[in-house]
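> So that we are looking at the same thing, I have put the structure below in structure tokens.
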Amino acid sequence: MANYYQKEIETASLETIKALQSERLVKQVKHVYENVEYYRNLMDEQGVKPDDIKGIEDLHKLPFLSKSDLRDAYPYGLLAVPLKDCVRIHSTSGTTGTRVVAFYTQNDIELWEDCCARAIVAVGGTKDDICQVAYGYGLFTGGFGLNGGSHKVGCLTLPMSSGNTDRQIQFMQDLNATILCCTPSYAAYIGESLHELGLTGDDNSLKYGIFGAEPWTEAMRKDIEKTLGIKAYDIYGLTETSGPGVAYECCEQTGMHINEDHFIAEIIDPDTGEVLPEGSKGELVFTSITKEAFPLLRYRTRDICVLSREKCSCGRTLIKMTKPMGRSDDMLIIRGVNVFPSQIETVLLAEGYTPNYQIEIDRINNTDTLDVNVELPPEQFSDTVKDIMEKEKALAAEMQKMLGISAKVHLVPPKTIQRSEGKAVRVVDKRKLHD
């Protein structure tokens with residue numbers, strides 16, 4: 001039987017959702033226009049006034065926001081309320097330039113935690129559960145979001161943060177944690193560490209995992225489910241829009257329900273900006289309609305996915321987004337071919353290898369090179385050099401089929417690729433160092 005945290009909105013009719021979205025959008029556009037000079041200038045440049053927005057059917061008239069806008073307006077340029085009304089900030093990791101800082105009023109935090117509570121209840125969580133939050137705390141949104149959602153559901157919350165895997169396992173075992181929240185790569189690492197201790201999925205009390213913040217494949221999901229003895233669910237969010245809980249998976253595990261009472265989702269052509277019909281593959285764009293401090297209108301996520309309103313067996317009527325299929329910005333272009341790391345991971349898991357890998361790209365004599373380092377499973381490490389070379393050749397052939405370009409595959413000893421206790425570093429692009 002499906003469980004809901006806020007059933008009335010999670011199962012609302014399409015008419016109710018659209019009416020609510022329209023009402024909130026009109027109010028939000030006025031709020032932003034009156035209080036955010038940066039966005040007011042963008043609207044004026046486009047010749048749009050708040051009165052032009054009568055409902056969601058007019059959303060396409062508004063200008064887009066991108067991460068470069070957020071960097072240009074850093075730190076206070078997109079703040080829509082007085083600073084004294086803000087109670088917290090969170091920030092992105094800042095791996096590609098200036099950090100993005102997002103502001104929160106107390107009401108923003110309450111609504112964000114409601115979204116995360118919906119995600120916990122959707123996987124089966126109740127106040128009887130013990131929720132181990134192994135996302136990073138601090139400036140990263142993951143820890144605080146799931147922590148707040150767990151409190152709202154009434155779970156006993158273990159605010160572990162990421163890292164210190166021995167302690168994670170000790171608390172998990174001693175306190176009989178039933179829900180694990182972390183990045184999928186860290187969940188895989190915890191499972192690997194348990195296996196090394198001679199433990200299987202039957203030796204813990206975990207029932208559910210809520211994993212997000214980085215791309216992962218269905219094959220990786222199955223691997224984690226087997227290792228930890230759980231059902232693994234996806235959660236989606238961005239620091240820019242609040243954090244995890246923008247969308248979440250239900251019992252169907254076939255895409256994530258978007259919290260449409262807080263976020264309006266669109267799919268656009270990433271090249272032209274044209275809004276595409278439902279069911280089209282394109283770039284995901286979000287408009288925050290309840291955020292007070294840092295409301296982003298038509299924010300380009302760069303995530304590529306598909307939206308669907310197909311009826312869901314869980315009873316939720318909120319639109320679903322697929323797992324992101326890659327990104328329109330960190331897509332790798334190698335020798336003119338578009339390559340997504342998730343494609344490489346799919347091949348590895350299909351061929352029986354672990355998801356411990358690293359992609360290295362370089363440019364030698366004006367030609368891009370693609371090397372994929374893959375850890376051998378421990379049981380295969382003792383194979384002869386000849387056997388390993390044959391395996392590398394076979395794996396390279398499968399990658400060529402998937403990617404359309406050749407890659408050099410290097411099978412390396414177990415544990416030689418650095419493990420991540422946060423987001424895994426999957427790509428080392430050396431071209432950027434000497435371009």
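The values are calculated or read from the model by the stated rules, or taken from the named source; none is laboratory data. Quick caveat, the model's predicted, so the values are computed rather than measured. Quick reminder, even Gly has a Cβ in these numbers, built from the backbone with ideal geometry, and neighbours come from all protein chains shown.
> Run T95 past the list (1) among the hydroxyl-bearing types (S, T, Y); (2) at pLDDT 95 or above; (3) surrounded by fewer than 19 Cβ atoms within 10 Å (Cβ to Cβ); (4) under 26 Å from F140 (Cβ atoms) and report the number of the one that doesn't hold.
Of everything listed in (1) among the hydroxyl-bearing types (S, T, Y); (2) at pLDDT 95 or above; (3) surrounded by fewer than 19 Cβ atoms within 10 Å (Cβ to Cβ); (4) under 26 Å from F140 (Cβ atoms), T95 misses just condition (2).
> What do you reckon, is T367 exposed (fewer than 15 other Cβ atoms within 10 Å of the Cβ), out of contact with any Gly (no Cβ under 8 Å at 6 or more places or on another chain) and not small (G, A, S)? Spell out how you get there, then give the answer.
Values: exposed (fewer than 15 other Cβ atoms within 10 Å of the Cβ): yes; out of contact with any Gly (no Cβ under 8 Å at 6 or more places or on another chain): yes; not small (G, A, S): yes.
Answer is yes for this residue.
> Related question: Could you tell me which numbered condition D303 fails, if it satisfies all but one of (1) over 24 Å from L20 (Cα atoms); (2) in contact with a helix residue (DSSP H, G or I) (Cβ under 9 Å, 6 or more places away or on another chain); (3) acidic (D, E)?
The number of the failed condition is (2).
> Considering only residues that are outside any loop (DSSP other than H, G, I, E, B) and in contact with a helix residue (DSSP H, G or I) (Cβ under 9 Å, 6 or more places away or on another chain), look in the stretch 63-73 and name the one that is surrounded by the most Cβ atoms within 10 Å (Cβ to Cβ).
Checked the stretch 63-73; the qualifying residue surrounded by the most Cβ atoms within 10 Å (Cβ to Cβ) is L65.
> Please go through the stretch 1-45 and pick out each residue that is free of Cβ contacts under 8 Å to residues at least 40 places away in the same chain and assigned to a loop (DSSP other than H, G, I, E, B).
Within the stretch 1-45, M1 is the sole residue that qualifies.
> Could you figure out which of (1) crowded, with 21+ Cβ neighbours inside 10 Å; (2) at pLDDT below 95; (3) among the β-branched types (V, I, T); (4) over 18 Å from the mean Cα position of the chain (by Cα) isn't true of T200?
It is condition (1) that T200 fails.
> To continue, here is another question. How many residues, within the stretch 262-288, are in a strand (DSSP E or B) and more than 16 Å from the chain's Cα centre (by Cα)? Walk me through how you get there before you give the answer.
Start the filter on the stretch 262-288 by keeping residues that are in a strand (DSSP E or B), which leaves 263-268, 275, 281-288.
Filter again for more than 16 Å from the chain's Cα centre (by Cα), leaving 264, 266-268, 275, 281-282, 287-288.
Number of matching residues: 9.
> Further question: Can you find a residue in the stretch 245-264 that is under 14 Å from L284 (Cβ atoms), of a type in the set (D, E, K, R) and at pLDDT 95 or above?
Yes.
> Ok, one more. Across the stretch 156-188, what is the number of residues that are surrounded by fewer than 23 Cβ atoms within 10 Å (Cβ to Cβ) and within 21 Å of K222 (Cα to Cα)?
Summing the residues that are surrounded by fewer than 23 Cβ atoms within 10 Å (Cβ to Cβ) and within 21 Å of K222 (Cα to Cα) in the stretch 156-188 gives 2.
> Going by the structure shown, is E214 in contact (Cβ under 8 Å) with a residue 12 or more places away in the chain and touching a strand residue (DSSP E or B) at 6+ places or on another chain (Cβ under 9 Å)?
No; evaluated as a whole, the condition is false for this residue.
> Given (1) over 30 Å from I190 (Cβ atoms); (2) out of contact with any Asp or Glu (no Cβ under 7 Å at 6 or more places or on another chain), identify the lone condition not met by K391.
Among (1) over 30 Å from I190 (Cβ atoms); (2) out of contact with any Asp or Glu (no Cβ under 7 Å at 6 or more places or on another chain), K391 violates only (1).
> I've got another one for you. So which residues in the stretch 231-254 are surrounded by fewer than 22 Cβ atoms within 10 Å (Cβ to Cβ) and in a loop (DSSP other than H, G, I, E, B)?
Matches in the stretch 231-254: C251, E252, Q253, T254.
> Same structure, new question: Please pick out the residue among V81, V87 that is within 19 Å of T290 (Cα to Cα) and in contact (Cβ under 8 Å) with a residue 24 or more places away in the chain.
Result: V81 is the single residue among V81, V87 that is within 19 Å of T290 (Cα to Cα) and in contact (Cβ under 8 Å) with a residue 24 or more places away in the chain.
> For the subset of the stretch 366-418 comprising residues that are among the hydroxyl-bearing types (S, T, Y) and farther than 21 Å from E196 by Cβ, which member is modelled with the lowest pLDDT?
Ranking the candidates gives T367 first.
> Residue check: is V385 of a type outside the set (S, T, N, Q) and either in contact with a Lys or Arg (Cβ under 6 Å, 6 or more places away or on another chain) or more than 25 Å from E214 (Cα to Cα) (or both)?
Considered against the rule, which asks whether it is of a type outside the set (S, T, N, Q) and either in contact with a Lys or Arg (Cβ under 6 Å, 6 or more places away or on another chain) or more than 25 Å from E214 (Cα to Cα) (or both), V385 comes out as yes.
> Residues in the stretch 288-311 that are of a type in the set (F, W, Y) and either in contact with a Gly (Cβ under 6 Å, 6 or more places away or on another chain) or outside the structural domain of Y33 (by TED's automatic domain parsing) (or both): how many? Step through it out loud before you land on a result.
Filtering the stretch 288-311 down to residues of a type in the set (F, W, Y) leaves 294, 299.
Cutting the leftovers down to either in contact with a Gly (Cβ under 6 Å, 6 or more places away or on another chain) or outside the structural domain of Y33 (by TED's automatic domain parsing) (or both) gives us none.
Selection size over the stretch 288-311: 0.
> Quick one: Y76 ticks every box in (1) within 21 Å of S205 (Cα to Cα); (2) part of a loop (DSSP other than H, G, I, E, B); (3) among the hydroxyl-bearing types (S, T, Y); (4) modelled with pLDDT of 95 or more except a single one, so which number is it?
Tallying (1) within 21 Å of S205 (Cα to Cα); (2) part of a loop (DSSP other than H, G, I, E, B); (3) among the hydroxyl-bearing types (S, T, Y); (4) modelled with pLDDT of 95 or more, Y76 fails exactly one: (1).
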